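The values are calculated or read from the model by the stated rules, or taken from the named source; none is laboratory data. Being a predicted model, the structure only gives us computed values, none of them experimental. All Cβ positions, glycine included, derive from the backbone under ideal geometry; neighbour counts span all protein chains shown. Side chains included, ligands, DNA and RNA excluded: accessible areas come from the protein's heavy atoms. Shrake-Rupley method; radii C 1.70, N 1.55, O 1.52, S 1.80 Å.
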Amino acid sequence: MKSLQRHNAVKEGARTRSPIRGVHMTFAAPAAIEVLAAVELDFVYLDGEHGCFDWRDIETACIAAERHRLTTIARVPDASAATITRFLDRGVCGIVAPHIESLEAARAVVECAYFAPSGGRSFGGGRPEYGIRLDSRPAYMRACNDTMSVCLMIESKAGLDLAGELAAVPGVDYLSFGMLDLAQSLGHPGEPAAPAVKSAVADATRRIHAAGKPVREDFMRYIWINDVLVAGAQQLLGTTP
């Protein structure tokens, strides 16, 4: 049987709290992924909620990342089973689920992301398994589960109130905060650095840590591709913002 070598630097970083680095992509640019791989990145983050991607773009980005042993994760536009399945079938191995406000929603994300017995992910003809002769589907499905990462995004007061309980859901690797949406929910639109917002996030972070899970900032650092382009142009052309 041909084996599929899978590795998820994000899941490993969340488990060990080891620092990892990546790039946040808001548009399809597989060549940029290949160029930026030269600076020893660990992961590529595809923004499927606010970015501009079609399904072919997602697949091509995964192929480009895999060529350089980069982990591909994606923020999905919604946490439905159909959407999560399509992202995973294209080759993404980490799901970032936005706007989680209940334990039921958190458990539903886990159910979609993992094969049994950890979940109920649908098995189909997605890549990359369609190009590999799988003599043992059970072994392949176990390998997928072992290298799947799940992040829940807290972006509202309802999510903040449940932060510790959300972190304790089995199958969740780490949590993150959507700071602008969160600030808006707390009555401070456009002010993520408002003292009340920062205090609420700090309190939620303590409860997440108490549940034994990290938040994104504990181990993950990434740059936005838009900022890379602007900063690079300013430096090389000698211009100022």
Note on the stretch 203-232: residues β-branched (Val, Ile, Thr) and touching a Ser or Thr at 6+ places or on another chain (Cβ under 7 Å) are Val215, Ile225
Ala168 fails exactly one of (1) out of contact with any Gly (no Cβ under 7 Å at 6 or more places or on another chain); (2) open to solvent by 10 Å² or more (accessible area, probe 1.4 Å); (3) at pLDDT below 95, namely (3)
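Here's a check for you: in the stretch 125-148, which residue that is aliphatic (A, V, I, L, M) and more than 19 Å from Val110 (Cα to Cα) is modelled with the lowest pLDDT?
Initial filter on the stretch 125-148 (aliphatic (A, V, I, L, M)): 132, 134, 139, 141, 143, 148.
If we keep only those that are more than 19 Å from Val110 (Cα to Cα) as well, we get 132, 134, 139.
Numbers: Ile132: 63, Leu134: 71, Ala139: 84.
Across the stretch 125-148, the extreme among qualifying residues is Ile132.
Quick grid of which residues meet (1) surrounded by 17 or more Cβ atoms within 10 Å (Cβ to Cβ); (2) under 23 Å from Ile95 (Cα atoms); (3) acidic (Asp, Glu):
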site: Ser156; (1), (2), (3): yes, yes, no
site: Met179; (1), (2), (3): no, yes, no
site: Gln184; (1), (2), (3): yes, no, no
site: Glu191; (1), (2), (3): no, no, yes
site: Gly212; (1), (2), (3): no, yes, no
Among residues of the stretch 62-84 being open to solvent by 10 Å² or more (accessible area, probe 1.4 Å) and in a helix (DSSP H, G or I), the residue farthest from Cys112 (Cα to Cα) is Arg67
Taking Phe115 as the residue in question, decide whether it is free of Cβ contacts under 8 Å to residues at least 60 places away in the same chain, closer than 19 Å to Asp173 by Cβ, over 17 Å from the mean Cα position of the chain (by Cα) and open to solvent by less than 20 Å² (accessible area, probe 1.4 Å). yes
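Please specify each residue of the stretch 205-225 satisfying the condition of being part of a helix (DSSP H, G or I) and under 20 Å from Thr71 (Cα atoms).
Here is the first cut: in the stretch 205-225, the residues part of a helix (DSSP H, G or I) are 205-210, 216-218, 225.
Across the stretch 205-225, the qualifying residues are Arg216, Glu217, Asp218, Ile225.
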Picked from the stretch 214-241 (must be hydrophobic (A, V, I, L, M, F, W, C) and without any contact (Cβ under 8 Å) to a residue 60 or more places away in the chain), the residue surrounded by the most Cβ atoms within 10 Å (Cβ to Cβ) is Val215
Of the residues in the stretch 21-61, those that are of a type in the set (Phe, Trp, Tyr) and assigned to a helix (DSSP H, G or I) come to Trp55
